[in-house]
Amino acid sequence: MVSTAMFLLSGLLIGLMMGWSLQRGRFCINSAYREVLFQDYTMLRAYLLAVVVAMVGANLFEDMGWLMQSDGAGGMVAGELYRQAFVPWANIIGGYIFGMGIVLAGGCGSGILYRVGEGNLAYVLAVFAFFFGIVVTKFGFLKPVYDLTISQVVYVGEETIPTLYNVIGVNKWIVIAVLAAVMLYFVLQGKPFQKAKKGYSWSLVGLLIGVIAVLAFWASAYYGGRARGLSFTGPVREFFLAVLFSDSKVPAGESLSLLGVTFSWSSLYVFAVPIGAYLSGKLLKEVKVKVPPADELMKVMFGGFVMGIGAQIGGGCNIGHSLTGVSTLAVSSWVANAFIILGNWTMVYFMLIKPMKDMDV
Amino acid sequence: MALKDESPAQTLDTLGRVCPYPLLLTKKAMEKLSSGQILKVLCDAPASAEDSIPRYAEKSGFSLETVKVEDKGMWEIFIKKP
């Protein structure tokens, strides 16, 4: 039986740790992908290290039977990692739209949230717009488009969710070993043991984010009823729904009712992310209320809206897919992640590379 | 002499701007500077001030000095074109 206090504590604690680590490490998957175009792989290495840690850790927890979750009858039972169904059109289109959105918004799903804690008003608007985009797509006028994109589901065999290993037909750990070896080889080329001049080195950040991702898999199963791990799209939606309508609208067994409000475990953790970032920033004396010029504010808000549409259609953001989903080896997340990268590069070209070229002329 | 004590050829104000504009504006300004000139950047986006702008300067072979102005929650970044 899960106690109310531990439900609250674990959610808040993981959110605080995540926000703190993101702020300290300046971790940003948006810039990890973007900087590849400028031949800088530092942030990409931090991201890949996080993926390796999350992938090995999460699958180990799964195979050891450590992902205990409620059996719905008062007892606990070992569960599996939550792997998203493969909806090719949704993963491709949604991922691409989301990838473009993060460049416009100046931050990814986790980026806009933790930077709220640093005090920039633009990101507060981006988070609201992100939620707006999600709701418009899931419940509003874009619902027909959303329903259409997720109507075609691809299974392996009868109704097994496709993963990298069951598609190839090999043992899961062979795939993990190969992927981890390739990623680590690349990570090690970046001198991971060199101490940072100040703050957290990129390798420490990657390691921390990876460990938090594994912890989140465990806690979301134990307290939240399902090993969904770290994500931002669903949780942001559930948080705002709980605030606005007193109900996160998640399946029974994945939420807690307190003072008339029914909220999911994930909505708690997402609430704590900006607080963790604020605490970290406050200690570094980096928190300041600030606001960009009006045109930039509009662009960021529009970007947040686009991100929300893309994330809802594609089934997740850069954390839900690119970190958590990728580490479960679900095909859906690998495809969505590839298109998030392509969307990111497309928008970087139009917003950052082309303007620089035009200036030279 | 430390870069921060020399007089900058230009001061670039990126206060309040979101990622990646501080970096983008810095790049644009640096391209216009002549050899030996210094750009002073005011920046309050932590990731840009401590991560992306220093890395850009290092890769471009520019010398860089950062002064964190803690009571204002911002950084003064001095970049010199060799």
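Computed from the coordinates by the stated procedures, all read-outs in this text should not be read as laboratory data. Everything quoted here is computed from the prediction, not taken from an experiment. We place every Cβ from the backbone using ideal geometry, glycine too, and count neighbours over all the protein chains shown.
General remarks:
- Of all the options A:M100, A:M64, A:M76, the one that moves most in a Gaussian network model of chain A with Cα springs shorter than 10 angstrom is A:M64.
- Shape call, the stretch A:289-361: gyration tensor on alpha carbons, a/c limit 1.5: oblate
- Centre separation in Å (Cα based) which lies between the stretch A:206-251 and the stretch A:117-180: 14
- Listed residues A:L184, A:L81, A:L44, most fluctuating in chain A (Gaussian network, C-alpha, under 10 Å): A:L184
- Put in order of Cβ neighbour count within 10 Å, fewest first, the listed residues A:Y33, A:Y165 become A:Y165, A:Y33.
- Cross-link table A:K354/B:K27; B:K4/B:K40; B:K27/B:K81; B:K59/B:K80; A:K299/B:K81, entries beyond 20 Å C-alpha to C-alpha: A:K299/B:K81
- Other protein chain C-beta atoms within 10 Å of residue C-beta, averaged over A:289-301: 3.
- For chain A, a simple Cβ point-charge model (Lys and Arg +1, Asp and Glu -1, everything else neutral) yields a dipole of about 1060 debye relative to the Cα centre.
- More than 17 angstrom apart: percent of Cα pairs within chain B: 36
- Nonlocal amide H pairs with A:M76, under 5 Å, H built at 1.01 Å: A:D71
- Averaged over residues, the count of other Cβ atoms within 10 Å places the peptides A:210-220, A:166-176, A:17-27 in the sequence A:17-27, A:210-220, A:166-176, highest first.
- For residues of B:70-80, the mean tally of beta carbons on other chains within 10 Å: 2
- Selected from A:A129, A:A311, A:A294 as most flexible by GNM, with chain A as the system and alpha-carbon contacts under 10 Å: A:A294
- Taking the stretch A:118-224 and dividing mean pair separation by its residue count, relative contact order in percent (alpha carbons under 8 Å, at least six apart): 7
- The stretch A:4-360: C-alpha gyration tensor shape, a/c 1.5 cut-off, then a/b vs b/c: rounded
- Sorted ascending by nearby beta carbons within 10 Å, beginning with the fewest, A:M55, B:M30 become B:M30, A:M55.
- Computed 3J(HN,Hα) for the stretch A:140-151, one whole-Hz value per residue from the Karplus formula 6.51 cos²θ - 1.76 cosθ + 1.60 where θ = phi - 60°, is x, 6, 8, 4, x, 5, 4, 4, 5, 5, 8, 6, glycine and proline marked x.
- Built amide H within the under 5 Å cut-off of A:G225, gap 5+: A:S70
- With neighbours defined as other Cβ atoms within 10 Å of a residue's Cβ, the residues A:D295, A:D63 order from fewest to most as A:D295, A:D63.
- Top positive-direction residue, dipole computed over the stretch B:3-80 with Cβ charges, set B:V41, B:I77, B:A29: B:A29
- Distant-in-sequence amide contacts of A:C317, defined by a placed amide H-H separation under 5 Å and a gap of 5 or more residues or a different chain, comprise A:F232, A:T233.
- Under Karplus coefficients 6.51, -1.76 and 1.60, residue-wise ³J(HN,Hα) of the stretch A:73-79 in Hz, glycine/proline x: 10, x, x, 10, 9, 5, x
- Cα gyration tensor shape for the stretch A:199-249, rounded if a/c is under 1.5, else prolate or oblate: oblate
- Entry note, the stretch A:62-195: relative contact order of 22 percent, from Cα contacts under 8 Å with a spacing of 6+ residues.
- Between A:L279 and A:F245, the distance separating the two model label sites (each 7 Å from Cα on the Cα→Cβ line) works out to 3.2 nm.
- ³J(HN,Hα), Karplus 6.51/-1.76/1.60, whole Hz, each residue of the stretch B:4-9, x for Gly, Pro: 6, 8, 7, 8, x, 6
- Averaging Cα coordinates gives a centre for the stretch B:50-82 and one for the stretch A:315-334; these two points are 35 Å apart.
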